[in-house]
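See structure below.
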Amino acid sequence: MFVSPPKHTLFTPQERAEMMGRALSHLPNVKVEVYHGLTVEFAKHIGARVIVRGLRMGSDFEREFEMGLMNKKLAPDIETVCLITKVEYQFLSSSLLKEIMSAGGCIDGLVPEVAADALRKKFKKEAIESGI
């Protein structure tokens, strides 16, 4: 997991890694790590041969395609594989989930339970701190 995200996040990189680790704990061959720098450099560092990326919408494809081509230039021996989401998750985004939570909506079934719990706690804490 990349440490310096390009946008504001509700959770620290360590909190996000811990949530991901808990959500993926049923997969014995998955390990969540926090790192700095380029993903392709981290992949080289750990000996990865493939970087797996997710696609939700057509706009994701353009960005991932550019990134995959650049990664291929930087590390020709590492492949980028994109997986397409299920249709029911195509519309999801972190900003949309935050908007739903801030309006008191329900996100059950849209994210892993560990993430839903953390979001409920985060938004409850923010509501208490702001006097709502």
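None of the figures in this text is laboratory data; all of them are computed from the coordinates on show. Computed from a prediction, not measured in an experiment: that's the story for all the values here. All Cβ positions, even for glycine, are placed from backbone atoms using ideal geometry, and neighbour counts span all protein chains on display.
Which of K86/K122; K44/K122; K31/K73; K44/K125; K73/K121 have a Cα-Cα distance over 31 Å?
Beyond 31 Å between Cα atoms: K44/K122; K44/K125; K73/K121.
If you filter the stretch 77-129 for chymotrypsin sites (Phe, Trp or Tyr not before Pro), then keep DSSP loop positions with at most 13 other Cβ within 10 Å, what is left?
Listed in order of number, the matching sites are F91.
Find the all-direction average of the projected area of the Cα convex hull for the chain, expressing the result in square nanometres with one decimal place.
Mean orientational projected area (the chain, Cα hull): 9.0 nm².
Contour minus end-to-end for L74 and F61, with contour as 0.36 nm per residue of separation and end-to-end as the Cα-Cα distance?
Result for the pair: 2.7 nm of gain on full extension.
Can you spot the lysines whose alpha carbon is less than 23 Å from K124's alpha carbon? Ignore those fewer than 8 places along the same chain.
Of all the lysines, those that pass the test against K124 - Cα under 23 Å, at least 8 places apart if same chain - are K7, K98.
Relative contact order for the stretch 42-81 using alpha-carbon pairs under 8 Å, separation at least 6, rounded to a whole percent?
With pairs under 8 Å counted, the relative contact order is 52 percent.
Could you give me D for the stretch 36-79, from Stokes-Einstein at 20 °C and 1.002 mPa s, where the hydrodynamic radius is the Kirkwood radius over C-alpha pairs? Units µm² s⁻¹, please.
In µm²/s, the coefficient rounds to 196.
Might you report the magnitude of the Cβ-based charge dipole of the chain about its Cα centre, with Lys and Arg at +1 and Asp and Glu at -1, to the nearest 20 debye?
The dipole of the chain has a size of about 120 debye.
Give me the percent relative contact order of the chain, please, defined on Cα pairs under 8 angstrom at least 6 residues apart.
Result for the chain is 21 percent.
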